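Structure first, then comments.
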Amino acid sequence: MHILICNWKDLAHPAAGGAEVFTHECARRWAGRGHTVTQICAAVDGRPAIEIVDGVRILRHGSRIGVYKAVRRFLRYHADRFDVVIDEINTRPFFAHHHAGATPVVALAHQVAREVWQHETPRPLSLLGRYVLEPRWLPDYAGVPTLTISASSAASLARYGVRDTTVVPVGVEADPSSAAEVAAAAAVPKAEAPTLAFCGRLVAMKRPGDAIAAFAAARDHLGAEATLEIIGTGPLEAPLRAAAPPGVRFLGRVSEAEKYRRLARAHALLVTSVREGWGLVVSEAAAVGTPSIAYDVAGLRDSVRAANGVLVPQDPAALADAVRYWVPRFKARPPQPLAHGGAHDWDTVADAVLEAVVVAMGRGGDRLAA
(Lines give C-alpha, C1' and ligand atoms only; values in the text may rest on other atoms or scores of the structure.)
Protein backbone atom coordinates (compact mmCIF):
# COMPACT_ATOMS: atom_id res chain seq x y z
CA MET A 1 0.00 0.00 0.00
CA HIS A 2 0.88 3.67 -0.31
CA ILE A 3 0.32 5.15 3.15
CA LEU A 4 0.34 8.85 4.08
CA ILE A 5 0.66 9.85 7.75
CA CYS A 6 -0.20 13.38 8.85
CA ASN A 7 1.33 14.30 12.21
CA TRP A 8 2.61 17.76 13.09
CA LYS A 9 5.79 16.29 14.60
CA ASP A 10 8.27 13.62 13.60
CA LEU A 11 10.98 12.09 15.78
CA ALA A 12 13.45 14.83 14.82
CA HIS A 13 11.24 17.52 16.36
CA PRO A 14 12.46 18.76 19.76
CA ALA A 15 8.94 18.33 21.18
CA ALA A 16 8.59 14.73 19.94
CA GLY A 17 7.16 12.32 22.48
CA GLY A 18 5.46 8.97 22.83
CA ALA A 19 3.05 9.56 19.95
CA GLU A 20 5.96 10.15 17.59
CA VAL A 21 7.74 7.01 18.79
CA PHE A 22 4.54 5.04 18.20
CA THR A 23 4.12 6.51 14.73
CA HIS A 24 7.69 5.92 13.61
CA GLU A 25 8.01 2.41 15.00
CA CYS A 26 4.89 1.37 13.08
CA ALA A 27 5.82 3.29 9.93
CA ARG A 28 9.34 1.90 9.64
CA ARG A 29 8.06 -1.65 10.02
CA TRP A 30 5.44 -1.09 7.34
CA ALA A 31 8.14 0.27 5.04
CA GLY A 32 10.31 -2.74 5.84
CA ARG A 33 7.51 -5.03 4.74
CA GLY A 34 7.22 -3.44 1.32
CA HIS A 35 4.69 -0.65 1.83
CA THR A 36 5.46 2.90 0.72
CA VAL A 37 5.13 5.17 3.74
CA THR A 38 5.22 8.97 3.69
CA GLN A 39 4.88 11.25 6.72
CA ILE A 40 4.15 14.95 6.40
CA CYS A 41 4.92 17.15 9.40
CA ALA A 42 6.24 20.54 10.47
CA ALA A 43 9.69 21.82 9.56
CA VAL A 44 12.55 21.24 12.01
CA ASP A 45 15.55 23.55 12.28
CA GLY A 46 18.64 21.93 10.81
CA ARG A 47 16.78 19.08 9.12
CA PRO A 48 16.01 18.85 5.37
CA ALA A 49 12.56 19.36 3.91
CA ILE A 50 12.68 15.84 2.46
CA GLU A 51 14.45 13.00 4.26
CA ILE A 52 14.32 9.21 4.22
CA VAL A 53 14.45 7.86 7.78
CA ASP A 54 14.39 4.07 8.27
CA GLY A 55 12.68 3.69 4.90
CA VAL A 56 10.00 6.30 5.70
CA ARG A 57 9.83 9.42 3.50
CA ILE A 58 9.56 12.48 5.76
CA LEU A 59 8.20 15.70 4.25
CA ARG A 60 8.64 18.77 6.46
CA HIS A 61 6.55 21.84 5.63
CA GLY A 62 5.38 24.82 7.65
CA SER A 63 5.62 25.91 11.24
CA ARG A 64 3.79 24.56 14.29
CA ILE A 65 0.69 26.33 12.97
CA GLY A 66 1.53 26.52 9.26
CA VAL A 67 1.82 22.74 8.93
CA TYR A 68 -1.99 22.43 8.92
CA LYS A 69 -2.30 24.64 5.85
CA ALA A 70 0.60 22.79 4.21
CA VAL A 71 -1.11 19.43 4.79
CA ARG A 72 -4.42 20.69 3.36
CA ARG A 73 -2.64 21.89 0.22
CA PHE A 74 -0.71 18.63 -0.09
CA LEU A 75 -3.88 16.53 0.24
CA ARG A 76 -5.75 18.51 -2.39
CA TYR A 77 -3.04 17.88 -4.98
CA HIS A 78 -1.61 14.50 -3.95
CA ALA A 79 -4.12 12.50 -1.86
CA ASP A 80 -5.09 10.38 -4.87
CA ARG A 81 -1.54 8.97 -4.94
CA PHE A 82 -2.17 7.18 -1.64
CA ASP A 83 -4.34 4.23 -0.65
CA VAL A 84 -5.04 5.61 2.82
CA VAL A 85 -4.39 8.76 4.86
CA ILE A 86 -3.73 8.40 8.59
CA ASP A 87 -4.79 11.65 10.26
CA GLU A 88 -3.16 11.94 13.69
CA ILE A 89 -5.16 14.05 16.13
CA ASN A 90 -2.60 15.68 18.39
CA THR A 91 -4.75 18.39 20.05
CA ARG A 92 -5.56 20.11 16.73
CA PRO A 93 -6.74 17.76 13.95
CA PHE A 94 -5.90 18.02 10.26
CA PHE A 95 -9.48 17.33 9.06
CA ALA A 96 -7.98 15.20 6.31
CA HIS A 97 -11.37 13.67 5.50
CA HIS A 98 -12.46 17.04 4.09
CA HIS A 99 -9.45 17.37 1.78
CA ALA A 100 -8.47 13.84 0.72
CA GLY A 101 -11.17 13.35 -1.93
CA ALA A 102 -11.96 9.67 -2.44
CA THR A 103 -8.91 8.42 -0.53
CA PRO A 104 -9.96 6.69 2.71
CA VAL A 105 -9.01 8.50 5.91
CA VAL A 106 -8.39 6.79 9.25
CA ALA A 107 -7.85 8.94 12.35
CA LEU A 108 -5.31 8.08 15.03
CA ALA A 109 -5.97 9.81 18.37
CA HIS A 110 -3.54 8.96 21.14
CA GLN A 111 -5.47 11.01 23.69
CA VAL A 112 -7.96 13.84 24.13
CA ALA A 113 -6.50 17.09 25.45
CA ARG A 114 -9.29 18.25 27.82
CA GLU A 115 -7.48 19.16 31.08
CA VAL A 116 -4.16 19.53 29.27
CA TRP A 117 -5.34 22.87 27.87
CA GLN A 118 -5.36 24.56 31.29
CA HIS A 119 -1.87 23.29 32.10
CA GLU A 120 -0.15 23.98 28.79
CA THR A 121 -1.75 27.19 27.52
CA PRO A 122 -2.50 30.54 29.23
CA ARG A 123 -5.95 31.99 29.69
CA PRO A 124 -8.08 32.78 27.79
CA LEU A 125 -6.65 30.36 25.18
CA SER A 126 -6.91 27.45 27.61
CA LEU A 127 -10.63 28.10 28.14
CA LEU A 128 -11.15 28.61 24.41
CA GLY A 129 -9.34 25.35 23.62
CA ARG A 130 -11.08 23.15 26.14
CA TYR A 131 -14.61 24.51 25.95
CA VAL A 132 -14.88 25.84 22.39
CA LEU A 133 -12.25 24.49 19.99
CA GLU A 134 -11.93 20.84 21.06
CA PRO A 135 -15.74 20.39 21.42
CA ARG A 136 -16.02 21.82 17.89
CA TRP A 137 -13.13 19.90 16.33
CA LEU A 138 -13.65 16.36 17.61
CA PRO A 139 -17.36 15.84 16.77
CA ASP A 140 -16.37 16.41 13.14
CA TYR A 141 -14.69 12.98 13.34
CA ALA A 142 -17.89 11.17 14.35
CA GLY A 143 -18.05 9.58 10.89
CA VAL A 144 -14.34 8.79 10.61
CA PRO A 145 -12.98 5.38 11.72
CA THR A 146 -10.61 6.18 14.56
CA LEU A 147 -7.80 4.25 16.23
CA THR A 148 -6.70 4.96 19.78
CA ILE A 149 -4.35 3.33 22.28
CA SER A 150 -6.38 2.84 25.44
CA ALA A 151 -9.90 2.25 26.65
CA SER A 152 -9.66 5.55 28.54
CA SER A 153 -8.97 7.45 25.33
CA ALA A 154 -11.81 5.64 23.57
CA ALA A 155 -14.18 6.70 26.36
CA SER A 156 -12.96 10.29 26.14
CA LEU A 157 -13.50 10.33 22.37
CA ALA A 158 -17.01 8.92 22.81
CA ARG A 159 -17.94 11.98 24.88
CA TYR A 160 -17.47 14.01 21.70
CA GLY A 161 -19.49 11.58 19.57
CA VAL A 162 -16.48 9.71 18.14
CA ARG A 163 -17.66 6.14 18.72
CA ASP A 164 -16.31 4.22 15.72
CA THR A 165 -13.09 3.54 17.61
CA THR A 166 -10.67 0.63 17.68
CA VAL A 167 -8.22 0.26 20.57
CA VAL A 168 -4.81 -0.84 19.28
CA PRO A 169 -1.89 -2.08 21.41
CA VAL A 170 1.10 -0.08 22.58
CA GLY A 171 4.76 -1.08 22.29
CA VAL A 172 7.87 -0.43 24.32
CA GLU A 173 11.26 -1.62 23.05
CA ALA A 174 11.91 0.53 20.02
CA ASP A 175 14.58 -1.59 18.30
CA PRO A 176 16.95 -4.51 18.92
CA SER A 177 19.47 -2.27 20.67
CA SER A 178 16.74 -1.01 23.02
CA ALA A 179 15.70 -4.59 23.72
CA ALA A 180 19.30 -5.31 24.71
CA GLU A 181 19.35 -2.18 26.87
CA VAL A 182 16.16 -3.28 28.62
CA ALA A 183 17.56 -6.77 29.23
CA ALA A 184 20.80 -5.33 30.61
CA ALA A 185 18.97 -2.83 32.82
CA ALA A 186 16.67 -5.51 34.20
CA ALA A 187 19.76 -7.14 35.74
CA VAL A 188 20.86 -3.92 37.48
CA PRO A 189 20.47 -4.23 41.28
CA LYS A 190 18.16 -1.87 43.12
CA ALA A 191 19.70 1.08 44.94
CA GLU A 192 20.60 0.50 48.58
CA ALA A 193 18.71 3.60 49.76
CA PRO A 194 15.01 4.15 49.00
CA THR A 195 15.04 5.61 45.50
CA LEU A 196 12.18 7.05 43.46
CA ALA A 197 12.21 8.21 39.85
CA PHE A 198 10.31 10.71 37.76
CA CYS A 199 10.85 10.42 34.02
CA GLY A 200 9.38 12.81 31.45
CA ARG A 201 9.43 16.30 30.04
CA LEU A 202 9.37 18.94 32.76
CA VAL A 203 6.20 20.65 31.58
CA ALA A 204 2.99 21.65 33.34
CA MET A 205 0.85 18.75 32.10
CA LYS A 206 3.30 16.23 33.61
CA ARG A 207 3.07 17.97 37.02
CA PRO A 208 6.63 17.18 38.16
CA GLY A 209 6.11 19.55 41.09
CA ASP A 210 3.53 17.14 42.50
CA ALA A 211 6.05 14.30 42.42
CA ILE A 212 8.62 16.46 44.22
CA ALA A 213 6.07 17.59 46.82
CA ALA A 214 5.01 14.00 47.51
CA PHE A 215 8.63 12.90 47.89
CA ALA A 216 9.36 15.77 50.27
CA ALA A 217 6.35 14.84 52.41
CA ALA A 218 7.32 11.15 52.52
CA ARG A 219 11.08 11.55 52.96
CA ASP A 220 11.04 11.60 56.77
CA HIS A 221 9.33 8.20 56.68
CA LEU A 222 11.69 6.78 54.06
CA GLY A 223 14.85 8.10 55.70
CA ALA A 224 17.30 10.93 55.11
CA GLU A 225 19.18 8.89 52.49
CA ALA A 226 16.07 8.60 50.28
CA THR A 227 16.42 10.07 46.78
CA LEU A 228 14.14 11.23 43.97
CA GLU A 229 15.87 11.22 40.57
CA ILE A 230 14.34 13.49 37.92
CA ILE A 231 15.04 12.18 34.41
CA GLY A 232 14.29 14.68 31.65
CA THR A 233 14.31 18.38 31.01
CA GLY A 234 11.94 21.13 29.97
CA PRO A 235 10.82 24.69 30.68
CA LEU A 236 10.05 23.97 34.35
CA GLU A 237 13.53 22.66 35.15
CA ALA A 238 15.04 25.94 36.38
CA PRO A 239 12.25 26.84 38.86
CA LEU A 240 12.01 23.25 40.06
CA ARG A 241 15.76 23.12 40.67
CA ALA A 242 15.65 26.40 42.56
CA ALA A 243 12.91 25.19 44.91
CA ALA A 244 13.90 21.51 45.18
CA PRO A 245 14.11 20.04 48.70
CA PRO A 246 17.01 17.83 49.85
CA GLY A 247 17.24 14.45 48.18
CA VAL A 248 16.05 15.54 44.72
CA ARG A 249 18.57 15.02 41.90
CA PHE A 250 18.08 16.42 38.40
CA LEU A 251 19.71 14.18 35.79
CA GLY A 252 18.55 16.06 32.68
CA ARG A 253 18.29 14.31 29.33
CA VAL A 254 20.04 10.92 29.39
CA SER A 255 20.65 8.15 26.86
CA GLU A 256 18.13 5.34 26.47
CA ALA A 257 20.53 2.92 28.15
CA GLU A 258 21.01 5.27 31.11
CA LYS A 259 17.27 5.92 31.33
CA TYR A 260 16.52 2.20 31.65
CA ARG A 261 19.37 1.76 34.15
CA ARG A 262 18.07 4.58 36.34
CA LEU A 263 14.53 3.22 36.16
CA ALA A 264 15.79 -0.24 37.10
CA ARG A 265 17.65 1.10 40.18
CA ALA A 266 14.55 2.87 41.50
CA HIS A 267 12.07 1.22 43.85
CA ALA A 268 9.13 3.09 42.29
CA LEU A 269 8.35 5.48 39.46
CA LEU A 270 6.12 8.47 40.22
CA VAL A 271 3.80 9.51 37.38
CA THR A 272 1.69 12.62 37.89
CA SER A 273 0.44 13.60 34.42
CA VAL A 274 -2.87 15.36 33.88
CA ARG A 275 -3.74 12.62 31.39
CA GLU A 276 -1.98 10.36 28.91
CA GLY A 277 -2.84 8.32 25.88
CA TRP A 278 -1.24 5.35 27.63
CA GLY A 279 1.83 6.35 29.65
CA LEU A 280 4.73 4.66 27.90
CA VAL A 281 7.19 5.29 30.75
CA VAL A 282 5.01 3.12 33.02
CA SER A 283 5.55 0.17 30.69
CA GLU A 284 9.26 0.95 30.31
CA ALA A 285 9.72 0.96 34.08
CA ALA A 286 7.75 -2.25 34.62
CA ALA A 287 9.84 -3.96 31.92
CA VAL A 288 12.91 -3.48 34.15
CA GLY A 289 11.14 -4.43 37.38
CA THR A 290 10.06 -1.02 38.69
CA PRO A 291 6.39 -0.48 39.57
CA SER A 292 4.63 2.88 39.16
CA ILE A 293 2.71 4.89 41.72
CA ALA A 294 0.58 7.13 39.56
CA TYR A 295 -2.38 9.45 39.46
CA ASP A 296 -5.64 7.77 38.52
CA VAL A 297 -6.25 9.64 35.25
CA ALA A 298 -7.17 8.71 31.69
CA GLY A 299 -4.47 6.64 30.03
CA LEU A 300 -2.45 6.03 33.17
CA ARG A 301 -5.20 3.90 34.65
CA ASP A 302 -4.79 1.63 31.61
CA SER A 303 -1.00 1.36 31.60
CA VAL A 304 -0.61 1.21 35.40
CA ARG A 305 -3.14 -1.58 35.75
CA ALA A 306 -1.49 -3.51 32.93
CA ALA A 307 1.87 -3.05 34.69
CA ASN A 308 0.57 -4.05 38.16
CA GLY A 309 1.22 -0.61 39.62
CA VAL A 310 -0.62 1.58 42.11
CA LEU A 311 -3.19 4.28 41.30
CA VAL A 312 -3.96 7.16 43.68
CA PRO A 313 -6.18 10.26 43.61
CA GLN A 314 -4.77 13.40 41.98
CA ASP A 315 -3.28 14.93 45.10
CA PRO A 316 0.34 15.14 46.31
CA ALA A 317 -0.78 14.16 49.82
CA ALA A 318 -2.40 10.96 48.51
CA LEU A 319 0.72 10.27 46.46
CA ALA A 320 2.88 10.76 49.56
CA ASP A 321 0.70 8.35 51.54
CA ALA A 322 1.12 5.72 48.82
CA VAL A 323 4.89 6.29 48.76
CA ARG A 324 5.10 5.80 52.53
CA TYR A 325 3.13 2.56 52.32
CA TRP A 326 4.39 0.97 49.10
CA VAL A 327 8.05 1.94 48.74
CA PRO A 328 9.24 -0.02 51.84
CA ARG A 329 7.30 -3.01 50.52
CA PHE A 330 8.72 -2.66 47.00
CA LYS A 331 12.17 -2.32 48.55
CA ALA A 332 11.76 -5.47 50.60
CA ARG A 333 10.37 -7.50 47.68
CA PRO A 334 11.07 -5.86 44.30
CA PRO A 335 8.70 -7.02 41.55
CA GLN A 336 10.10 -9.12 38.75
CA PRO A 337 10.54 -7.46 35.33
CA LEU A 338 7.28 -7.69 33.39
CA ALA A 339 7.50 -8.65 29.72
CA HIS A 340 7.08 -5.45 27.69
CA GLY A 341 5.88 -3.77 30.88
CA GLY A 342 2.32 -4.94 30.26
CA ALA A 343 2.43 -3.58 26.70
CA HIS A 344 3.64 -5.41 23.55
CA ASP A 345 6.61 -5.66 21.20
CA TRP A 346 6.58 -3.24 18.28
CA ASP A 347 6.26 -5.95 15.62
CA THR A 348 2.98 -7.02 17.19
CA VAL A 349 1.85 -3.40 17.44
CA ALA A 350 2.71 -2.57 13.82
CA ASP A 351 0.83 -5.63 12.57
CA ALA A 352 -2.23 -4.87 14.71
CA VAL A 353 -2.35 -1.20 13.71
CA LEU A 354 -2.03 -1.96 10.00
CA GLU A 355 -4.75 -4.61 10.25
CA ALA A 356 -7.00 -2.10 12.03
CA VAL A 357 -6.24 0.50 9.33
CA VAL A 358 -7.22 -1.93 6.56
CA VAL A 359 -10.47 -2.84 8.33
CA ALA A 360 -11.23 0.83 8.96
CA MET A 361 -10.54 1.67 5.29
CA GLY A 362 -13.39 -0.64 4.39
CA ARG A 363 -15.77 1.00 6.82
CA GLY A 364 -14.74 4.47 5.64
CA GLY A 365 -15.21 3.42 2.04
CA ASP A 366 -18.67 2.07 2.79
CA ARG A 367 -19.66 5.39 4.32
CA LEU A 368 -18.24 7.29 1.36
CA ALA A 369 -20.17 5.13 -1.09
CA ALA A 370 -23.35 5.54 0.93
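The values are calculated or read from the model by the stated rules, or taken from the named source; none is laboratory data. Note that the structure is predicted; figures quoted are calculated from it, not measured. Note that we place each Cβ from the backbone using ideal geometry, even for glycine, and neighbour counts take in every protein chain shown. Just the protein is used for accessible areas: all its heavy atoms, side chains included, with ligands, DNA and RNA removed. Shrake-Rupley method; radii C 1.70, N 1.55, O 1.52, S 1.80 Å.
Summary table below
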{"quantity": "Solvent-accessible heavy-atom area per residue, rounded to whole Å², over segment 1-88 at 1.4 Å", "calculated": "43 Å²"}
{"quantity": "In degrees, nearest ten, helix 256-265 long axis to first principal axis of the chain (Cα)", "calculated": "40 degrees"}
{"quantity": "Given the chain, longest segment not containing exposed loop trypsin sites (Lys or Arg not before Pro) (DSSP; at most 14 other Cβ within 10 Å)", "calculated": "254-370"}
{"quantity": "Separation in nanometres of the label points that stand 7 Å from Cα toward Cβ, at Arg123 and Asp347", "calculated": "5.3 nm"}
{"quantity": "Label-point separation in nm, Asp140 to Ala180, each point 7 Å along Cα→Cβ", "calculated": "4.7 nm"}
{"quantity": "Assigned charges on the beta-carbon of Lys, Arg, Asp, Glu; segment 265-370 dipole about Cα centre (debye)", "calculated": "480 debye"}
{"quantity": "Tyr141 accessible area, 1.4 Å probe, all protein chains in place, Å² to nearest 10", "calculated": "0 Å²"}
{"quantity": "Förster-model FRET efficiency, 56 Å R0, Ala158 and Ala224, C-beta, rounded to 0.05", "calculated": "0.70"}
{"quantity": "Ellipticity estimate at 222 nm from DSSP helix runs (n ≥ 4, -39,500 (n - 2.57)) divided over the chain, nearest 500", "calculated": "-12000 deg cm²/dmol"}
{"quantity": "The chain - percent of accessible surface contributed by carbon and sulfur, probe 1.4 Å", "calculated": "54 percent"}
{"quantity": "Length added when fully stretched, Thr36-Ile65, from 0.36 nm per residue minus Cα-Cα", "calculated": "7.8 nm"}
{"quantity": "List Glu284, Glu256, Glu225, ordered by accessible area with a 1.4 Å probe, largest first", "calculated": "Glu225, Glu256, Glu284"}
{"quantity": "Debye log10 I(q)/I(0) for segment 134-267, one point scatterer per Cα, at q = 0.10, 0.12 Å⁻¹", "calculated": "-0.51, -0.68"}
{"quantity": "Nearest 10 degrees, 0 to 90: helix 176-186 Cα axis against the chain principal axis", "calculated": "20 degrees"}
{"quantity": "Links that overshoot a 31 Å alpha carbon limit, given the list Lys9/Lys331; Lys259/Lys331; Lys9/Lys190", "calculated": "Lys9/Lys331; Lys9/Lys190"}
{"quantity": "Candidates Ser255, Ser292, Ser273, ranked by Gaussian network fluctuation over the chain, Cα under 10 Å, top entry", "calculated": "Ser255"}
{"quantity": "Computed magnitude of the charge dipole of the chain (debye, nearest 20; Cβ of K, R +1, Cβ of D, E -1)", "calculated": "720 debye"}
{"quantity": "Per residue, in Å², the accessible surface of segment 224-370 once ligands and nucleic acids are set aside, probe 1.4 Å", "calculated": "42 Å²"}
{"quantity": "0 to 90° range, to nearest 10: angle between helix 18-32 axis and the chain longest Cα axis", "calculated": "50 degrees"}
{"quantity": "Where the Cα pairs of the chain fall when distances are cut into 20 Å bins, in %", "calculated": "29, 57, 14, 0"}
{"quantity": "Exposure ranking of Asp140, Asp54, Asp220 by accessible area [1.4 Å probe, largest first]", "calculated": "Asp220, Asp54, Asp140"}
{"quantity": "Contact order relative to length of segment 157-296, as percent, for alpha carbon pairs under 8 angstrom and 6 or more apart", "calculated": "31 percent"}
{"quantity": "Lys/Arg +1, Asp/Glu -1 at C-beta; the chain dipole; positive extreme among Ala294, Ala352, Gly55", "calculated": "Ala294"}
{"quantity": "Calculated FRET value between Asp83 and Arg305, using beta carbons and R₀ = 35 Å, to 0.05", "calculated": "0.45"}
{"quantity": "Cα→Cβ-extended label distance, 7 Å offset, between Val132 and Arg73, nm", "calculated": "2.7 nm"}
{"quantity": "Debye log10 I(q)/I(0) at q = 0.14, 0.22 Å⁻¹ for segment 259-299, Cα point scatterers", "calculated": "-0.27, -0.64"}
{"quantity": "Residue (of Pro208, Ala186, Gly342) at the positive-pole extreme of the chain, dipole from beta-carbon charges", "calculated": "Pro208"}
